[in-house]
1. Look through region 111-123, keep the residues that are under 16 Å from Lys4 (Cα atoms) and crowded, with 22+ Cβ neighbours inside 10 Å, and return whichever of them is nearest to the chain's Cα centre (by Cα).
2. In region 50-80, what residues are assigned to a loop (DSSP other than H, G, I, E, B) and more than 17 Å from Ser149 (Cα to Cα)?
3. For Lys162, indicate whether it is surrounded by 13 or more Cβ atoms within 10 Å (Cβ to Cβ), without any contact (Cβ under 8 Å) to a residue 24 or more places away in the chain and more than 15 Å from the ligand (Cβ to nearest atom).
4. Among the residues of region 71-102, write down those that are more than 16 Å from the ligand (Cβ to nearest atom) and closer than 19 Å to Ile26 by Cα.
5. Among (1) touching a helix residue (DSSP H, G or I) at 6+ places or on another chain (Cβ under 6 Å); (2) among the small types (Gly, Ala, Ser); (3) within 16 Å of the ligand (Cβ to nearest atom), there is one condition Ser25 misses while meeting the rest; what is its number?
6. Residue pairs, Cβ under 7 Å, 6 or more apart or interchain, first in region 170-182 and farther than 16 Å from Leu205 by Cβ, second aliphatic (A, V, I, L, M) and surrounded by fewer than 23 Cβ atoms within 10 Å (Cβ to Cβ). List them.
7. Thr169: surrounded by 13 or more Cβ atoms within 10 Å (Cβ to Cβ) and away from the ligand (no atom under 13 Å from the Cβ), yes or no?
8. Of all the residues that make up region 362-388, how many are part of a helix (DSSP H, G or I) and either free of Cβ contacts under 8 Å to residues at least 40 places away in the same chain or not assigned by TED's automatic domain parsing to the domain that holds Asn300 (or both)?
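The values are calculated or read from the model by the stated rules, or taken from the named source; none is laboratory data. It should be emphasised that the depicted structure is a prediction, and the values quoted were computed from it without experimental measurement. Positions of Cβ are backbone-derived with ideal geometry, glycine not excepted, and every protein chain shown enters the neighbour counts.
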Amino acid sequence: MVWKKEGTLVMWLPENHSHNIKTVSIASFDLDSTLITTKSGRVFAKSAEDWMWWSSCIPLQLRNLFLQEQKIVVIFTNQKGCADYVKLSIFQKKINSILATIGSDIPIYVFAATADDWYRKPSTQMWKRMNEILNTQQHGQTFSIDINSSFYVGDAAGRHAKWDNNQKTKADFSCSDRQFARSLGIQFYTPEEYFLKIQTLDSKLWSWPDSLKMFLSPPSPSSTSSSTVERDIQIIKDRNKPCLIICVGMSASGKTTYVLEHFPSFVYVNQDTLKTKKKCLSVAKAALDSGQSVVIDNTNPSSAIRSEYIELIGKQSSIESFCLCFDTPLHICLALNRFRASTSNGERDRVSTIAYNIFKKKFEKPTLKEGFTTIISIPMVFKWKTTEEQKMFEQFIQ
Ligand SMILES: [Mg+2]
């Protein structure tokens, strides 16, 4: 039995045991607030000993799943707090003691996502990795997972406050466990439904995140506002004089995709590629001086930052400046940020939460007083190449 680490994914893989069957079903569980809770009553365990079963029936139920129902028992857990060595070893010690309590004759797989990345639920990458590992353990003989009899149990189920009629019950902190099962197409249960056999929760008492609802029932694409935007953008494109476009928007709000598609002939200025603001300003100035149009594809949150670019245009100049605002909601930007980092084969790093906080802190809504001819709000439009791509993106919505 070994602990294995692949980048940010930490795994406990029990000894090779043959399944002897071509089709297996997976009984999978979240860890915290599903299988266990803290003894101390704290949200996060203070030590490796600070745990107790969420319900006393759990160890026997897990044993029966393997011994009587021949299911493979797997734990999928988000453990962002375990990024450092000390916290990780506490976590591993805790898992060792949990598994020992269940019994060493029960092989239980554990997958822990220790960063806010590719592996973190609701992304299904941990499941994908499990599938690969189970197949490798079969010595090259492939088997398939029976989706219909597999299931996942978790407490992050999007339940509203007081869902159980208890005035003290708080809303679930997220819906990521339910989303995880949805993306996999397997049955989902809350711990109460699965272990305590309480009735399946009425769908009025929980909901998908607003950001996901957007995709479950997409709005009609041709709204009036988007046609107004198209008209305004066309006016800029049709001018045959040089101009300056300044983008304003958080990371992963859709700026780059939009401006490269609509203004391919503009000189493109971006601090990620040019490295310093000084370089951005000098490239922009040289282009404007030589009569070229320029687009500044930075986050440009404050009027002070934007004014540095507007000032490049001399007072007497006839060059106009336009502001494109990408007001994409934060949760969509964060999902796109994770999606982008995860699907770029390591070419793009995930933008840090700090960068988002700085944007929020510095943000000043652009006004015409700053010198813009027009300010245009660009609505987020998703153009997926395939439905698989869209499904992949949905996994990153939290
Ligand atoms: Mg949990």
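1. Per the criteria, the residue is Tyr119.
2. Selection gives Asp50, Trp51, Trp54, Ser55, Ser56, Cys57, Gln79.
3. Yes: the conditions hold for Lys162.
4. Listed by number, the residues that qualify are Lys71, Ile72, Val73, Leu99, Ile102.
5. (3)
6. Matching pairs, first to second residue: Gln179/Leu212.
7. yes
8. Counting residues in region 362-388 that are part of a helix (DSSP H, G or I) and either free of Cβ contacts under 8 Å to residues at least 40 places away in the same chain or not assigned by TED's automatic domain parsing to the domain that holds Asn300 (or both) gives 4.
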